[in-house]
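The structure appears right after this line, and notes come after that.
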């Protein structure tokens, strides 16, 4: 049975300065349960695209549909609930450094109003998953980069999101820590979560060779197979997208 | 950390207070000063309002007669006054009786009367007027007629006092409301600035919360509580000196002028009122600071 598209981007463009598009006429379809590498050099628009998927930025033109809903037309009160269906991992971790590992992981659960008992058991399970159960009480600023990224990953998946977005998740890590983080990403994917990893590092692809690869070039998405022949990915979704 | 929302709010509010002790302390002191001065003024004014009617009865008047006036002359004046239609009762008082009544009325101020070698007060007629819809006009009319009589040294009615008192009270009230308003507004603004400072100082924290899907109310609530905490602490700080002033006033002033009139025997009630006022002020300040922040 063919998977259904979870994320659909139609003619998406984004510019911060008039006339300078970071993304222009970008079309992409990501299926439920897919693992996708979004490749491109720094400044290509990878982070901007992920922020748009999370609803932190709005496209200048075009539409982004997640599970059939245009996320930039959500009402204000629906946005927090939407963001809880999308986990995000950043290159710089974005943790609360003076707070404990457990506190950071618990934050999305507490914000979602989960009962304290559930929060406690969920945090324990998540810390076991990322191998940091013995450091639950340690302030995050005392952890290594790899450990901090594992905390960020645990926090990102705390609310069992449909989608996990990772923006250069190994950008600040050594190869060993990178491998651990990528293994965890794969484990999250194996549980059915759709994973989108933005990176400029081709060596990451080796960790999940079966993953789909999409490149961003001059504001347009290209499948890797097509990238060398520079076939425009606006045809990726077929004529039905227009 | 609190694993419930309220546990989180309280932990962050107290943590925020600890992170920025200087601006938070300034905020607490300003709130304390504002509450202290405002409530001191309110208590004072309340006391005056309670005391004034006891001091000046609007239906009473005193006609001071010239010293050395003969018995016949005194009797003539008394009869004339008692015969006026708006006079209900007229009673003669000797200088000794006048002094005795003053002593009785101002029982706490014995020192004032102790140094008197001789009684400086003249004999008087104590007059009670009939109740009237326009008491001030009746008093004015009585005063004019009494002054025109021979043998009358002075006429004292509540009319002049009550008009003067009312004018003074109005001035006091206006100045007090302006001062209290300015103080309360300044404390609201100080709390607002402190909360705003704390909010932007913890930008990293609420940016993370935005990413993990926290609703705006969840993000703002610790800052509201932080503001309210400042107000409550300010109220507690104001309560001690205010209570001290109340106690001091009760000791220094005659009983009729303070404790009895104000009826302030309950420190808990005073503290409760102050805390409510402080919390209300600081909530307004926090609301002002967080009005247009964190929107999706």
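Summary table
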item	result
Helix A:101-111 axis, angle to chain A major axis (alpha carbon atoms, nearest 10°)	60 degrees
Highest to lowest packing among A:138-149, B:109-120, scored as the average C-beta count within 10 Å	A:138-149, B:109-120
Inter-part distance where the stretch A:180-194 and the stretch A:55-96 are each reduced to a Cα centre, Å	21 Å
Inter-chain Cβ neighbour average for residues B:221-227, partner chain, 10 Å	0
Distance cut-off 28 Å, percentage of C-alpha pairs in the stretch A:55-192 lying past it	19 percent
At 1.567 mPa s and 4 °C, Stokes D of the stretch A:5-241 from Kirkwood alpha-carbon radius, µm² per second	71 µm²/s
Peptides B:277-289, B:65-77 ordered by average Cβ neighbours within 10 Å, highest first	B:277-289, B:65-77
13 Å tail of the calculated P(r), the stretch A:44-102, as % of Cα pairs	68 percent
The stretch A:5-241: relative contact order as a whole-number percent, Cα under 8 Å and 6+ apart	30 percent
Using alpha-carbon coordinates, inclination of helix A:116-129 to the longest axis of chain A, degrees	70 degrees
Peptides ranked, highest mean first, by Cβ atoms within 10 Å: ranges A:190-200, A:80-90	A:80-90, A:190-200
Number of partner chain Cβ atoms within 10 Å, mean per residue of B:200-210	3
Cα long-axis angle, helix B:21-55 against chain B (0 to 90 degrees, to the nearest 10)	20 degrees
Enclosed volume per residue, in Å³, of the convex hull spanned by Cα atoms of the stretch B:31-145	145 Å³
Relative contact order %, chain B, counting alpha carbon pairs below 8 Å whose residues are six or more apart	31 percent
For A:110-120, mean number of other protein chain Cβ atoms within 10 Å	5
Scattering profile of chain B at q = 0.16 Å⁻¹ [log10 I(q)/I(0), Debye over alpha-carbon scatterers]	-1.19
Using distinct alpha-carbon pairs, which all enter the 1/r mean, Kirkwood radius of the protein assembly as shown in Å	30.0 Å
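FYI, it's all coordinate maths here, none of it is from the lab. No experiment lies behind these values; they were computed from the predicted model shown. Neighbour counts run over all protein chains shown; Cβ positions are idealised from the backbone, glycine included.
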